[in-house]
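K.L.:
Just dropping this structure here.
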Amino acid sequence: MWGVALVLVAVLVVKISHWFYRWANPKCDGQLPPGSMGLPIIGETIEFFSPHKLYDIPPFIRKRMTRYGDLFKTSLVGQKVVVSTDPEINYNVFQQGKQIFLDLVH
């Protein structure tokens, strides 16, 4: 009796751990920049909304720029997001609009 319950709990723990790992490390095939997705569902939202000085780069952004560079992925408010702090990339995105992203998909 206890053996069956123990096996079921072990399988459940493995499934949850696997789901958490897949969330934190999605397959990207070299298409997405480096970054962390944080916890499932809430991602890194809590750290993103933490208070900081008004006229300074938020610690959330600065920490990830140091770790991953000017372009990184994260998860905020349950959505996967790519953040760019590179002026050239931002300029190209604003100039080409959604066409640049459609070209990446097709």
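The values are calculated or read from the model by the stated rules, or taken from the named source; none is laboratory data. Here the structure is a predicted model, which is why all the values come from computation and not from measurement. Counting neighbours? That spans all protein chains shown, and the Cβs are built from the backbone with ideal geometry, glycine included. Side chains included, ligands, DNA and RNA excluded: accessible areas come from the protein's heavy atoms. Shrake-Rupley method; radii C 1.70, N 1.55, O 1.52, S 1.80 Å.
K.L.:
What residue among Asp70, Asp56, Asp86 has the largest mean-square fluctuation in a Gaussian network model of the chain, using Cα springs under 10 Å?
P.N.:
Comparing Asp70, Asp56, Asp86 in a Gaussian network model of the chain, the most mobile one is Asp56.
K.L.:
Okay, moving on. Cross-chain or 8 or more residues apart, Cα under 25 Å: how many lysine pairs in the chain fit that? Count them up, please.
P.N.:
Going through the chain pair by pair, I get 13.
K.L.:
As a test of the formula, what do you get for the chain when each DSSP H run with n ≥ 4 contributes -39,500 (n - 2.57) and the sum is divided by the residue count, at 222 nm and rounded to the nearest 500 deg cm²/dmol?
P.N.:
Counting only the DSSP helices, I get -15500 deg cm²/dmol.
K.L.:
Sticking with this structure for a sec: Counting other Cβ atoms within 10 Å, keep those with at most 15, restrict to DSSP loop, and tell me which trypsin sites (Lys or Arg not before Pro) in segment 23-89 are left.
P.N.:
Those satisfying the criteria are Lys27, Lys53.
K.L.:
Sticking with this one: Which order do peptides 39-49, 87-97 fall in by mean Cβ count within 10 Å, highest first?
P.N.:
Highest to lowest by the protection proxy: 39-49, 87-97.
K.L.:
For helix 87-96, what angle does its Cα long axis make with the longest principal axis of the chain, in degrees from 0 to 90 and rounded to 10?
P.N.:
The helix 87-96 is inclined about 80 degrees to the chain.
K.L.:
So, one more: Whole number in Å², please: accessible area per residue of the chain, 1.4 Å probe, ligands, DNA and RNA not counted.
P.N.:
80
K.L.:
Tell me the carbon and sulfur percent of the accessible area for the chain, rounded to whole percent, probe radius 1.4 Å.
P.N.:
68
K.L.:
I've got another one for you. Note the full-extension length gain between Ile61 and Val7 as 0.36 nm times their separation in residues minus their Cα-Cα distance, in nm to one decimal.
P.N.:
Roughly 15.2 nm would be gained on extension.
K.L.:
Additional query: If you average the sequence gap of Cα pairs under 8 Å that are 6 or more apart and divide by the length of segment 2-88, what percent do you get for the contact order?
P.N.:
The normalised contact order for segment 2-88 reaches 27 percent.
K.L.:
Tell me which label goes with the value of semi-axes √(5λ) of the Cα gyration tensor in Å computed from the coordinates here: (1) 27, 16, 11; (2) 35, 20, 10; (3) 21, 17, 12.
P.N.:
(2)
K.L.:
Report, in debye and to the nearest 20, how large the dipole of the chain comes out about its Cα centre when Lys and Arg carry +1 and Asp and Glu carry -1 on their Cβ.
P.N.:
Its charge dipole is roughly 300 debye.
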